[in-house]
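What follows is calculated from the coordinates using simple rules that are stated; it is not laboratory data. This is a predicted model, so every value here is computed, not measured. Note: ideal-geometry Cβ built from the backbone for every residue, glycine included; neighbour counts use all protein chains shown.
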Amino acid sequence: MGANAFGQSVTRREDFRLLTGRGRFTADLVPPGAAHAVMVRSPYAHAVIAGIDVAAAVSMPGVLAVVTGADLRAAGLGGITAGSALVKFPGTPADQDFLYRPGHPLLVHDRVRFVGDSVAMVVAETEAQASDAAEAIVVEYDVLPCVTDTKAAAAADAAQVWAAAPGNLCFAWQAGDSEAVRAAFARAAHVTTIEVVDTRIQVASLENRGAVGSFDGASGCYTLLTGSQMPHFLRDILADQVFGVAHDKIRVCVADVGGSFGIKNSLYPEQALVLHAAKLLGRDVAWVGSRSDGFVSDYQARDNVTTGSLALDAEGHFIGLRVHTIGAIGAYLAPKGQLSPTVNTPVLAGVYRFPCIHVAVDGVFSNTAPTEVYRGAGRPESVYLLERLVEQAAREIGVDAVEIRRRNLLGAEAWPYRTALGLLYDSGDFPGMLDAACAEADLAGFAARRASSEAAGRLRGSGLAQYCERVAGSWAESAWIEMGQDGRLVVLTGTMSNGQGHETAFAQLLSAQLGMDADMIDIVQGDTARIPSGAGTGGSASLGIGGAAIAEAGVDLVRKATPLAADALEAAEVDVAFHGGLFTVVGTDRAVGWDAVVSRIGPSGLQADGAYKPSNPTFPNGCHIAEVEVDPETGLWHVDRYTMVHDFGRVLNPMLLEGQLQGGVVQGIGQALCERVVHDGDGQVLTGSFMDYQIPRASDLPGLELVYRPTPSPANPLGVKGCGEAGNAGASPAVMNALADALWTRGVRRIDMPATPEMVWRALMSGP
Amino acid sequence: MYDFAYEKPSSLADAVASLKANLDSKALAGGQTFIPVLKQRLNKPSVVVDLAKLNLKGITVTPTTVTIGAMTTHGEIALSADIQKTLPALAHMASMIGDWQVRHRGTMGGSLANNDPSACYPSALLALDGTITTDRRTIKAEDFFQGMFTTALEDGELITSVSFPVPEKAAYTKFRNPASRYAMVGVFVAKFAAGVRVAITGASQSGVFRHTAFEHALSAHFAADAIKDIVTPANGLNSDIHASAPYRAHLIGVMTKRAVIEALS
């Protein structure tokens, strides 16, 4: 039991199959005899489709079907859900709504709006035949002016993506107290204002997207095999929006998933189209996306330009925060397209005592791929703005970056504390976190390290980011346990691992709770026909909500098993208590284990279930400190030291947690260092492969030091807070603050992400 | 990938004959550039002639010359004790190409015949005043490179080996394209008794070129300081999302200085 206890680094049961090539991803599971689909995509960012000629393609060898947007309209298929309701926070006008809400069409029939927009699908016996036929489809385009840059899209003279959306505005949303903020700025002793750019990200999961569609004519049931974080969410969109059928006519199955980070969260055209084609042809249809396909058709992320102003009093206390974001929506509003710029803005309150905050967000259309949630979904963006603002303010008023934080941090005596944007902070030790991080990072030794860098002709800078996330708060998850006559537990969960290690974590959790060998516990996920419901995986909530539901189901299992144990003990049920894997007659030393229960289980087994819906979110928080070194001659720079101190509440499996942190930090460093989608003036994607889209490599990274300072979350029975996105939240601001610190000594006053070598060199050249 | 015929001849004559017989044929010499191109359907050859069985591998080192078979891989060049001893700059260059997987497949002959403007070897061949031997003649480096992706090779002409005179001192410095890790600016500096040659790859729109202003200054005085006042014009240099022409011009100066320092160390 000890080996699987809370806090043990149980090794990942997934790793044997994943590391030895035995993992089974969507593309590995294409059934023999399946037909293959290939997409025809728009080569233009904005154009009217004047005609589509498929005549040559349909008669080519092996071609089974060519589907166009007109065909789908004739078939009466719907599109993909356009966003969900705009969130309402304190200060959000009651009538605030989208100004225009265009959904992502499965296939465009009239006007393409980004390079990669789906125009037709070709299905053939082989992928090569489908590709040949796709090249033979002649689409006549009348090219229109386009806009891809987010700030430019919001400008008065920008090309208009939608006639029904003047100014390219999808929504203009706000929250907070604008009057109080105005008053605070009026009496401020100092105001610091910065503009920050969160560049457009290609998520670039290791596994490309893919989908296999099947249709059973007898039952009228569609089956989709695909990579996803949220199988039930896909099922619901397919049933409700696309096909207009009952939920039980759609089955979504998910096998191993090679990373998602948000992009395999919502429905894509190909996932619906393989189902449509499967019904049309009466056979399985597979679409396996290539990396090139992904670079123009995956949902992308971030892409905001934000202006933030911080008002300080004469003692350097924060007295107000004003934020305005222009957030890219892309050509269409993706199913969760409005979430990132809006729903996580409360994280702007950070770890500080802010009397008032006002935030306004303009969601703008542009001729780009739709944006979706990506690791952190707005939290990293908020932390990035706030923490860069704090350090800029510190430099401007001549106060040390640590000291300015100390003057403004919330102390534990404040709990519970209602923030200016409505969150109820319940735990954490922010001042202790900052002190620990400074000690762990040896900030005291920074001056000596800087002197040594300078002696070698290099610049060195140090930067902090302290943050408080808000995760795992707003939905319910359920779990089911079946115990068979062989004593094995089958656990059904609606969460969906994309590589995080859920099978390991959940088995560990139940093993510790039930005092049962983890090898006797099977975790089942990713099948909507077998698992009744599921919110899926997102928002760092799989353990805090999904795990809590499994723990509740574990409690129910004990309840269901107690009569059998009582029978074995020849005692009354009320006299039997369960603890540490043993059912004991209270007040005696008579006890039996699970074997006594198992031997009494009937052929239908024992069924238990549980559910959990938190009443308050959790607040993972931490402090990251980065040190960078810059070669001023070339602009090349690297992260030399990286320290993070974290509070994730109770930690179930430190090894899994560290893996989550490393991945998150690396993606955050990637944004700071190199990641950006670039379009040319015609809207062509210049970053169409890894030859031009740079993700960080292992050799770009320092060792990552991780220290825990947990305070348990009161929001769930496990006391966990969620760690999936925190690394990302801290990394970009810590690293960019460090770079800004290094360059400040040379007169550089602004540096944006990604700070490519040329941008750093140019900044240094233009300094005084 | 489009469909094509695949041949793997075991004699040079058969390979040349096959390439000549099919106008849109292509030679496969490792394929670390060519196979990705095929996979993206950017090339549609009728026949792919694999040169792997032609016995064109091998390294011969004398005190004055290093000769390398065309099908010798980057990995073999990087790890050759003889090259490390006699012409370490070349071994070092090979060790910085791609990753180990690429270095174990990609070949020097394939790279030179492709003449990618951001490939490393062209700068070594030009700075060292090397000679290319083909199935029918020898070609001096000066005459071989004819602009990006263009060489003096005739249709069906195959490189068999490459030879490099051994310099007194040499070094290669590479500022990698941050994404692809190809040379964004690569500088090969070679000092011979007759003078210094400096070849720049990755930077110019017309492929590898000699930097004559640096050569004159360094021939007069082989030290980093000798070139500090020479401004490289940005005219004619590549400009892309990773580096503008002025930045590349600046990097040419920095990387040449560092190459000289390394050659002297």
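Results, tabulated for the structure shown:
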quantity: Debye log10 I(q)/I(0) at q = 0.13, 0.24, 0.25, 0.27 Å⁻¹ for region B:54-121, Cα point scatterers; calculated: -0.31, -1.07, -1.15, -1.29
quantity: Gyration tensor over alpha-carbon atoms, region A:474-612, equivalent ellipsoid semi-axes in Å; calculated: 29, 14, 13
quantity: Note, ³J(HN,Hα) from phi for region A:466-480, Karplus 6.51, -1.76, 1.60, rounded to Hz, x at Gly and Pro; calculated: 10, 9, 9, 7, 10, 9, 6, x, 10, 9, 9, 9, 10, 8, 10
quantity: Kirkwood Rh, Cα atoms: Rg over Rh of the protein assembly as shown; calculated: 1.00
quantity: Ordering of B:105-113, A:442-450, B:30-38 by packing [mean C-beta count within 10 Å, highest first]; calculated: B:105-113, B:30-38, A:442-450
quantity: Contour excess over end-to-end distance, with Cα ends at B:Thr64 and B:Ala13 and 0.36 nm allotted per residue; calculated: 15.3 nm
quantity: Förster radius 51 Å - calculated FRET efficiency between A:Asp517 and A:Thr307, Cβ distance, rounded to 0.05; calculated: 0.35
quantity: Reference-scaled alpha-carbon Rg (2.2 N^0.38 Å with N residues) for region A:1-66; calculated: 2.19
quantity: Paired Rg and Dmax values of region B:59-165, which use every Cα atom, in angstrom; calculated: 12.7, 36
quantity: Spin-label pair B:Asn55/A:Phe16, simplified geometry with 7 Å Cα→Cβ offset, distance in nm; calculated: 4.9
quantity: Expected 222 nm ellipticity per residue - DSSP helices of 4 or more, -39500 (n - 2.57), all of chain A, to 500; calculated: -8000 deg cm²/dmol
quantity: Efficiency of FRET between A:Ala476 and A:Arg406 - r from beta-carbon atoms, R0 30 angstrom, step 0.05; calculated: 0.15
quantity: Potential lengthening between B:Ser265 and B:Gln40 on full extension [0.36 nm per residue; Cα-Cα distance subtracted]; calculated: 76.6 nm
quantity: Residue-averaged 222 nm ellipticity for chain B, from DSSP H runs of 4+ at -39500 (n - 2.57), nearest 500; calculated: -9000 deg cm²/dmol
quantity: Label-to-label distance, nm, for residues given as A:Arg182 and A:Arg530 (7 Å Cα→Cβ offset); calculated: 6.0
quantity: Among A:715-728, A:557-570, the order from most to least packed when residues are scored by Cβ within 10 Å on average; calculated: A:715-728, A:557-570
quantity: Spacing of the two label points (7 Å from each Cα toward its C-beta) at A:Ala85 and A:Val191, in nm; calculated: 3.5
quantity: Theoretical FRET efficiency, 1/(1+(r/R0)^6), r = Cβ-Cβ of B:Tyr6 and A:Val586, R0 56 Å, to 0.05; calculated: 0.10
quantity: Full-extension gain in nm, A:Val555 to A:Thr126, via 0.36 nm per residue minus C-alpha separation; calculated: 149.3 nm
